[in-house]
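Notes follow the structure.
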Amino acid sequence: MHSEVAQFLRYLSVEKNASELTIKSYREDLIDLSDYLVDHLGQGVKPNQVTPRDLRGYAAALHEAGYARSSISRKLASLRSFYRFAQRQQMVDSNPARPLRNPRGQRKLPHFLTSKQVEKLLMAPSLVETLGQRDHAILETIYSAGLRVSEVVGLNDGDLDFEEAIVRVRGKGRKERLSPLGRYAIEALHNYMPRRQRAPQEPAGRDAPVFVNRFGRRLTTRSVGRMLEKYIKLVGLDTRTSPHTLRHSFATHLLDRGADIRSVQELLGHKSLVTTQIYTHVSTASLREVYLKAHPRAKG
């Protein structure tokens, strides 16, 4: 396979005018691949003898060797480029690298607030003015039901069922779900809704927007973001805090207090359990921090 790799590198140099550094990277990546294939398929292996299964084995070996995801992605990109070239040059009948997928990027743990920090934020709006009552109701509703900002600004009067203490939520992909409303959120909504002034252009009745701006029009997601920024500065919270942080906090606090992950998945409106599982990592990290501080033999 070394002669085919050499042809590919000449192609990069002469026809693509690739830099020496680029060619060096391709050479190292493809030599690694060739060495792996020799170990597993024997000397004299040719590109047309390699199967998708062989290449998946190579990718798995990179994982086991401890390569970073970015390094694995680069090596896989190199072999894809090589096999596209090999197919054009009729060295192979089909491209065995086509089914390969890059490793998923490392997901960052979502930022969340402690219960005390959430309480501090929820108490920040002034309840003397209507806008302060509105802001308080928005924050309570997001945290109580685990809503996205787009979901909370999209709420209509007909979505609220105070007797059953639930709210109908229109999530991503027009999917609807029912979320519970806690006592504090219901109280905040009861205090705000009779005082709001809706613009004549806005719908009335069940289609009336729950949250409106100072001109009586439906509130926008950007307006909620600006509102939250104001209260974050006011109470001195981490500047990473965003409206979505309340949703993260909602999920994390439920798991910390024993809620099962399937229920949290339903409450968040996640289609896949994998999406919800990121919060178990947050919860575990928090638990470990408590353990390290409290257990007498946790540290050496």
Select from region 66-114 the residues that are at pLDDT 90 or above and of a type in the set (S, T, N, Q) and write down the one among them that is surrounded by the most Cβ atoms within 10 Å (Cβ to Cβ). Ser78
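Please give the helices (runs of 4 or more DSSP H) falling wholly within region 1-91 in which 1 or more residues are touching a His at 6+ places or on another chain (Cβ under 8 Å).
Helices (runs of 4 or more DSSP H) meeting the threshold: 20-41, 52-64, 69-88.
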Only one of Arg174, Arg214 is within 29 Å of the chain's Cα centre (by Cα) and either surrounded by 19 or more Cβ atoms within 10 Å (Cβ to Cβ) or of a type outside the set (Phe, Trp, Tyr) (or both); which? Arg174
Answer yes or no: is there a residue in region 108-119 that is among the small types (Gly, Ala, Ser) and free of Cβ contacts under 8 Å to residues at least 40 places away in the same chain. no
Is it the case that region 112-133 has a residue that's in contact with a strand residue (DSSP E or B) (Cβ under 9 Å, 6 or more places away or on another chain) and within 20 Å of Ile232 (Cβ to Cβ)? no
What are the residue pairs meeting all of these: first residue in region 259-277, first residue in contact (Cβ under 8 Å) with a residue 60 or more places away in the chain, second residue of a type in the set (Lys, Arg) and assigned to a helix (DSSP H, G or I), Cβ atoms under 8 Å, and 6 or more apart or on different chains? Leu268/Arg247; Gly269/Lys172
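Could you look through region 181-195, keep only residues that are in contact with a helix residue (DSSP H, G or I) (Cβ under 7 Å, 6 or more places away or on another chain) and outside any loop (DSSP other than H, G, I, E, B), and pick out the one that is farthest from Arg240 (Cα to Cα)?
Going through region 181-195, the residues in contact with a helix residue (DSSP H, G or I) (Cβ under 7 Å, 6 or more places away or on another chain) turn out to be 181-182, 184-185, 188-189, 191-192, 195.
Restricting the remaining residues to those that are outside any loop (DSSP other than H, G, I, E, B) gives 184-185, 188-189, 191-192, 195.
Numbers: Tyr184: 25, Ala185: 24, Ala188: 26, Leu189: 27, Asn191: 30, Tyr192: 28, Arg195: 32 Å.
My answer is Arg195.
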So, in region 235-250, of the ones that are farther than 16 Å from Arg222 by Cα and among the hydroxyl-bearing types (Ser, Thr, Tyr), which residue ends up modelled with the highest pLDDT? Ser249
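The values are calculated or read from the model by the stated rules, or taken from the named source; none is laboratory data. Everything numeric here is computed off the predicted structure, so don't read it as measured data. No Cβ is skipped: glycine too gets one built from the backbone with ideal geometry, and neighbour counts run over all protein chains shown.
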